[in-house]
Ligand code: CA
């Protein structure tokens with residue numbers, strides 16, 4: 001299992017260790033940066049799904065670091081920690097691009113709850129449209145279920161992969177080369193006709209019994225899945 005990695009930027013070893021231990025007990029991967037400089041290079045490495053950022057740090061303070069991270073990465077959730085509980089500090093944090101704010105001392109479960117909430121939010125906003133509709137064809141990328149009209153269509157894994165690739169590029173002509181490398185991970189140069197064979201399989205299942213054809217051949221160019229004439 002790949003662990004969700006969290007970066008802890010905190011110069012007080014006790015606090016950093018306390019957070020690290022708690023997170024690891026909850027199955028997160030962690031790394032600690034004890035100053036702003038190290039924090040910066042680690043934060044910008046793109047290896048972390050969330051950053052916990054102390055305000056008072058050597059070299060670069062937390063607000064400044066938060067701004068620097070936001071310049072490069074708008075998405076990574078950032079929780080700021082501070083011993084100062086003033087409203088000003090809180091506003092500074094949000095102004096710098098932090099997503100949440102926690103005042104020391106805090107209970108670990110409070111931090112954990114906020115981490116989970118932020119990760120969940122990010123997951124939701126990152127999830128692409130999982131349902132593709134082309135005319136009355138419906139492809140659910142989550143369940144891999146395909147329907148045309150109200151009829152469920154059974155596809156093999158390869159047929160599904162081919163259909164999904166065409167559907168993601170709907171109304172665009174896709175060359176055999178593209179299909180070969182993206183769906184089969186092979187070079188078309190190998191002289192195989194596997195793509196044409198599979199296009200025919202798909203046509204039988206998706207188009208044959210329907211008046212409106214969705215898969216079209218562009219001779220010398222490739223294939224297109226389209227709902228426009
Ligand atoms: Ca500090």
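A short reminder: the numbers here are calculations on the coordinates, not readings from a lab. What you see is a predicted model, and the numbers here were worked out from it, not measured in a lab. Note that we place each Cβ from the backbone using ideal geometry, even for glycine, and neighbour counts take in every protein chain shown.
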Out of all the residues in segment 34-43, which are more than 12 Å from the ligand (Cβ to nearest atom) and either surrounded by 16 or more Cβ atoms within 10 Å (Cβ to Cβ) or closer than 19 Å to residue 101 by Cβ (or both)?
38, 40, 42, 43
Counting only residues that are touching a residue at least 24 places away in the same chain (Cβ under 8 Å), give me the strands (runs of 3 or more DSSP E) lying completely in segment 136-229 with at least 3 of them.
222-225
Output for segment 1-14, where each listed residue is touching a strand residue (DSSP E or B) at 6+ places or on another chain (Cβ under 6 Å) and either under 14 Å from residue 109 (Cα atoms) or assigned to a loop (DSSP other than H, G, I, E, B) (or both):
3, 10
In segment 1-14, anything closer than 20 Å to residue 66 by Cα and within 16 Å of the ligand (Cβ to nearest atom) is listed as 7, 8, 9, 10, 11, 12
Flagged in segment 73-105 as within 16 Å of the ligand (Cβ to nearest atom) and loosely packed, with under 14 Cβ neighbours inside 10 Å, in numbering order, are 83, 84, 85, 86, 105
Within segment 207-229, count every residue that is more than 19 Å from residue 162 (Cα to Cα) and surrounded by 13 or more Cβ atoms within 10 Å (Cβ to Cβ).
1
Taking residue 122 as meeting all but one of (1) in a helix (DSSP H, G or I); (2) surrounded by fewer than 19 Cβ atoms within 10 Å (Cβ to Cβ); (3) over 20 Å from the mean Cα position of the chain (by Cα), write down the number of the exception.
(3)
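Every residue, every condition in (1) within 15 Å of the ligand (Cβ to nearest atom); (2) surrounded by fewer than 16 Cβ atoms within 10 Å (Cβ to Cβ); (3) assigned to a helix (DSSP H, G or I), yes or no:
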| site | (1), (2), (3) |
| --- | --- |
| 16 | yes, no, yes |
| 22 | no, no, yes |
| 52 | yes, no, no |
| 60 | yes, no, no |
| 71 | no, yes, yes |
| 112 | no, no, yes |
| 115 | no, no, yes |
